[in-house]
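Contents: one structure, followed by commentary.
The values are calculated or read from the model by the stated rules, or taken from the named source; none is laboratory data. Since this is a predicted model, take the numbers as computed values, not measurements. Because the Cβ atoms are built from the backbone with ideal geometry, glycine has one as well, and the counts that use them run over all protein chains shown. Areas reflect the complete protein model, heavy atoms only, side chains present, ligands, DNA and RNA absent. Shrake-Rupley method; radii C 1.70, N 1.55, O 1.52, S 1.80 Å.
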Amino acid sequence: MVSPAASRTSPSGIRRIVAASLVGTTIEWYDFFLYGSAAALVFNTLFFPASDPLVGTLLAFLTYAVGFAARPIGGVVFGHFGDRIGRKRLLVVSLLMMGGATFAIGLLPTHAAVGGAAPVLLTVLRLVQGFALGGEWGGAVLLVAEHGDERHRGFWASWPQAGAPGGNLLATGVLALLAAVQSDEAFLAWGWRVPFLLSGVLVVVGLWIRVSVSESPAFLEARARAEAEEAAGVRQRPPVVEVLRSGRRGVLTAIGVRLGENVSYYVLTAFLLVYVTVHLHLPKGDALNAVLIGSAVHFVTIPLWGALSDRIGRRAVTLVGSVGMAGWAFAFFALLDSRSFPVIATAVTAGLLLHGAMYGPQAAFISEMFDTRVRYSGASMGSQVASIIGGALAPIIAVELLKEYGSSVPVSLYLCAAALITTVTAFVARETRGRSLDRAARTAAPVPVKG
């Protein structure tokens with residue numbers, strides 16, 4: 001049965017909502033991933049000069065991780081106001097914050113110019129990026145999920161998810177193009193700044209599209225009910241408090257579902273750049289082009305995985321990806337060690353294909369775990385806490401394991417363990433396919449005011 005909230009959105013309307021969310025998330029992920037690629041390729045030299053290349057890279061990835069540390073804070077703040085005043089307004093704010101910070105990174109002086117102030121300024125801007133992205137994911141996927149109907153929610157909600165490989169495709173493509181047309185000296189001198197400055201143009205385009213969409217009908221109905229209850233003397237708990245009180249299972253499930261997906265993605269993309277260029281001593285163009293090819297396939301297949309979850313369930317599709325990734329963790333590095341570009345590209349592409357099976361259904365899966373009144377807060381909390389445990393630490397742990405053991409086997413074991421955690425979580429989780437988001441909104445438990 002299609003919910004009343006969803007039925008008012010026409011097919012052309014849902015496509016417009018999807019386009020706005022996809023463009024916005026692509027731009028925000030472009031900004032976020034651009035930093036990760038630059039951390040692996042140039043920031044270790046420009047902002048953290050060290051005699052040992054892996055030490056400089058490790059320091060660069062520490063500032064990379066700082067962005068993840070800010071994401072749960074951004075998720076809580078954006079979630080609170082997104083559940084109170086709406087998804088659309090907060091998405092505009094997140095896009096402005098992310099784009100402004102990324103553009104500013106392109107103007108930063110390096111360590112050679114200002115010494116220790118350079119990495120400090122870089123870290124501050126990375127914090128702003130992380131804070132903004134912490135609010136982006138929940139709002140973008142909810143805006144689509146709450147406009148769509150139960151039958152096709154997995155498909156439509158997976159499109160904002162495709163913004164991640166879309167942004168990575170864009171960031172890696174720009175870097176690969178610059179690497180192809182510039183010498184290493186020119187790229188280090190000024191070429192690396194171009195992709196960051198380009199963010200200013202992309203943000204203008206994203207804002208133009210994003211401000212034209214309508215607010216989520218499910219949210220508008222939930223807010224109208226909340227206002228009526230407040231007028232009748234019923235106190236509403238803050239969204240974060242309500243999530244911690246009645247939505248803990250959903251938060252923990254979201255963390256577990258996202259852990260293997262997060263770790264695998266950043267090992268397959270960010271750490272890959274280090275492994276190929278520093279450990280295997282291959283040209284950075286090989287690593288960038290492999291990620292470019294894999295991201296293109298990833299972008300196309302994520303909605304297909306989302307559509308499959310509408311047919312066989314969110315849990316089943318997630319299990320395909322997590323079980324497959326647990327095994328691929330060992331084949332992946334064996335293929336990289338071939339030092340053959342076609343083999344490396346195949347390894348990355350296959351890994352991202354399995355990652356997509358975990359990532360595609362995720363937007364609908366997590367959205368369906370929470371009530372409308374606290375959905376932004378709950379989805380953001382669960383997803384962004386997982387980003388610290390998984391995405392933030394994955395490149396750092398992988399680099400440290402490689403530095404300590406000089407072998408990829410410990411990294412494979414780490415990746416496999418993360419995938420198995422997601423496997424167990426998905427296996428014991430409740431299936432959410434077909435759940436009405438509008439019905440969930442009507443089950444909220446307001447708190448009567450005494451006296």
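Take the range 175-317, drop everything but the C-alpha atoms, weight them equally and run the Debye formula without solvent; then report log10 I(q)/I(0) at 0.11 Å⁻¹ to two decimals.
-0.81
Within a Cβ distance under 11 Å of Ala65, other residues only, what is the Lys/Arg minus Asp/Glu net charge? Working shown, then result.
Numbers: positive: Arg71, Arg126; negative: none.
Around Ala65, the surrounding residues sum to +2.
What does the net charge come to around Gly167 if you take all other residues with beta carbon closer than 9 Å to its beta carbon, with K and R at +1 and D and E at -1? Don't skip to the answer; put the middle values down first.
Details: positive: none; negative: Glu28, Asp31.
Result for the local shell: -2.
I'd like the orientation of helix 217-231 relative to the chain: the angle between its Cα long axis and the longest Cα principal axis, in ° from 0 to 90, rounded to 10.
With rounding to tens, the tilt is 50 degrees.
Could you run the Karplus curve 6.51 cos²θ - 1.76 cosθ + 1.60 with θ = phi - 60° over the range 305-315 and give me ³J(HN,Hα) per residue in whole Hz, x for Gly and Pro?
Coupling constants for the range 305-315: 5, x, 5, 5, 5, 6, 9, 10, x, 5, 5 Hz.
Show me the chymotrypsin sites (Phe, Trp or Tyr not before Pro) within the range 181-259 that DSSP assigns to loop and that have at most 13 other Cβ atoms within 10 Å of their Cβ. Don't skip to the answer; put the middle values down first.
Working: sites: Phe187, Trp190, Trp192, Phe196, Trp208, Phe219; in loops: Trp192.
For chymotrypsin sites (Phe, Trp or Tyr not before Pro) across the range 181-259 that sit outside H, G, I, E and B with at most 13 neighbouring Cβ atoms in 10 Å, the list is empty.
What net charge is computed for the residues neighbouring Ser380, neighbours being all others with C-beta under 12 Å from the C-beta of Ser380, Lys and Arg scored +1, Asp and Glu -1?
Details: positive: Arg71, Arg87, Arg258, Arg375; negative: Asp83, Glu136.
Once all neighbours under 12 Å are counted, the net charge is +2.
In what sequence, highest mean first, do 362-370, 17-25, 292-300, 111-119 appear when ranked by Cβ atoms within 10 angstrom?
362-370, 17-25, 292-300, 111-119
Please report the projected area of the range 78-120's Cα convex hull averaged over all directions, in nm². It would help to have the intermediate numbers written out before the result.
Values: hull surface 14.6 nm².
The orientation-averaged projected area of the Cα hull of the range 78-120 comes to 3.7 nm².
Return the whole-Å distance between the Cα centroid of the range 251-310 and the Cα centroid of the range 155-212.
The range 251-310 and the range 155-212 have Cα centres separated by 17 Å.
Could you work out what % of the accessible surface of the chain is carbon and sulfur, using a 1.4 angstrom probe and leaving DNA, RNA and ligands out of the count?
On the way: 11150 of 16020 Å².
In the chain, the share of accessible area belonging to carbon and sulfur is 70 percent.
Quick one: plug the Kirkwood hydrodynamic radius of the range 363-415 (C-alpha pairs) into Stokes-Einstein at 10 °C, 1.306 mPa s, and report D in µm²/s. Write down the numbers at each step before the final one.
Numbers: Rh = 13.0 Å.
For these conditions, the coefficient is 122 µm²/s.
Given the -39500 (n - 2.57) contribution per DSSP H run of 4+ residues, what per-residue ellipticity at 222 nm results for the chain, rounded to the nearest 500 deg cm²/dmol?
-24500 deg cm²/dmol
Can you match Kirkwood radius over Cα pairs in Å to one of these, (i) 24.9; (ii) 21.8; (iii) 23.5, based on a calculation from the structure here?
Correct label is (ii).
Over all pairs of distinct alpha carbons, what does the Kirkwood formula give as the hydrodynamic radius of the range 101-252, in Å? Show your work: numbers first, answer last.
Numbers: mean 1/r = 0.0514 Å⁻¹.
Over the range 101-252, the inverse of the mean reciprocal pair distance is 19.5 Å.
Over the chain, with the other protein chains present, what is the accessible area per residue in square angstrom, probe 1.4 angstrom? Working shown, then result.
Numbers: 16020 Å² over 451 residues.
The answer is 36 Å² per residue.
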